[in-house]
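Below is one structure, written out as structure tokens; comments come after it.
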Amino acid sequence: MEKIHAHRLFFGDLITAKAGLPLGNELAAALASTPREQFVGEPPWKILTPIGYIETPSDDPAFLYQDIVVSLAGNGPLNNGEPSLHALCLAALAVRKGERVVHVGAGTGYYTAVLAKLVGHGGAVEAYEIEPGLAQRAMENLAAFHHVTVKSQSGTEGPLLECDLIYVNAGATEPLSVWLDALRPNGRLLFPMTSASGVGAMLLITKQETPAFAARFLVQAQFVPCIGARNESTAQKLTDAFRDGRWNKIRSLHRNDQPDDSCWCSGPGWWLS
């Protein structure tokens with residue numbers, strides 16, 4: 001037990017340091033205190049590599065405390081995602097104690113548990129998972145968190161909990177109105193905006209007092225599709241838009257159908273400038 005405790009502590013520091021956070025941060029503590037092996041099924045675990053999945057050689061949970069993607073269902077495509085990517089995203093969201101969070105695409109609840117620890121018992125997390133088997137596992141894994149609710153349904157249908165932040169872990173082609181409408185003032189939405197190929201980038205949107213929302217891409221990413229948040233016409237437009245190299249210059253989201261010359265990509269009722 002002492003050995004695995006040391007692995008978890010180092011894992012928390014290593015992953016958050018890769019995200020640019022100083023040692024001793026709250027996210028590192030949340031990661032270190034969340035046993036990953038309880039969320040990824042029975043060993044041997046399948047680890048995603050550029051040549052496909054490979055199995056861990058034993059049931060030693062130390063294998064899981066690396067910056068790796070772990071299968072949740074055989075040989076994919078549903079995975080427990082790359083810790084450093086999620087650490088970067090959660091750092092950008094700047095999760096605070098007492099906040100209300102909606103987590104879309106919760107899987108078996110690993111990153112939901114991390115969110116629950118970041119908001120504390122004074123906050124609340126509402127998690128959505130559309131795949132029934134994963135949702136059931138999430139309910140079991142998160143049963144001890146009394147401020148977490150798991151819903152076995154899509155997180156793309158409203159109304160959603162009025163909240164301070166929404167964290168989406170499946171690829172969408174647009175910032176859904178149901179997400180934007182749920183945000184409180186200064187609320188944050190972070191989701192992977194992905195093209196027809198599944199490749200895209202993490203888009204952080206912040207609700208402001210002005211009609212336009214602040215918006216910026218954090219990092220390139222690839223996710224499974226978010227059912228209910230895909231428009232195939234927009235997906236093809238995003239394929240071309242991500243190729244033009246200007247994705248990292250996005251600064252605002254507009255909710256209308258009148259894009260100007262600063263438009264990078266648009267869809268029904270929105271455009272990015």
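Things worth noting here:
- Helix content alone sets the calculated 222 nm mean residue ellipticity of the chain: runs of n ≥ 4 DSSP H residues at -39500 (n - 2.57) each, divided across all residues, give -8000 deg cm²/dmol.
- Across segment 43-49, rounded Karplus estimates of 3J(HN,Hα) from the backbone phi angles (6.51 cos²θ - 1.76 cosθ + 1.60, θ = phi - 60°) give x, x, 8, 9, 10, 6, 10 Hz, Gly and Pro being marked x.
- Shown is the FRET efficiency for residue 82 and residue 210, computed with R0 = 35 Å from the Cβ-Cβ distance and rounded to the nearest 0.05: 0.55.
- Simple point charges give the picture: +1 on the Cβ of Lys and Arg, -1 on the Cβ of Asp and Glu, and for the chain a dipole about the Cα centre of about 520 debye.
- Counted residue by residue at 0.36 nm each, then reduced by the alpha carbon distance between them, the extension gain from residue 147 to residue 243 reaches 30.4 nm.
- 5 angstrom amide H check on residue 104, placed H, neighbours 5+ away: 128, 167, 168, 169
- Selection of trypsin sites (Lys or Arg not before Pro), segment 167-242, meeting DSSP coil and at most 10 other Cβ within 10 Å: none
- Cα pair count fraction exceeding 32 Å, expressed as % - the chain: 21
- Cα coordinate range in segment 1-145, projected on the principal axes (Å, largest first): 40, 35, 29
- ³J(HN,Hα), Karplus 6.51/-1.76/1.60, whole Hz, each residue of segment 165-182, x for Gly, Pro: 7, 10, 10, 10, 10, 8, x, 10, 9, 7, x, 4, 4, 5, 6, 5, 5, 7
- Helical segments meeting 18 Å axial Cα length and Kyte-Doolittle -1.0 threshold in the chain (DSSP H): 2-18
- FRET efficiency for the residue 251 to residue 67 pair, using the beta carbon distance and R₀ = 35 Å, is estimated at 0.70.
- Extension gain for residue 96-residue 10 works out to 28.6 nm (0.36 nm per residue, less the C-alpha to C-alpha distance).
Every read-out reported here was derived from the displayed coordinates using simple, explicitly stated rules and does not represent laboratory data. Computed from a predicted structure; not experimentally measured. Don't worry about glycine lacking a Cβ; one is built from the backbone with ideal geometry, like all the others, and counts go over all protein chains shown.
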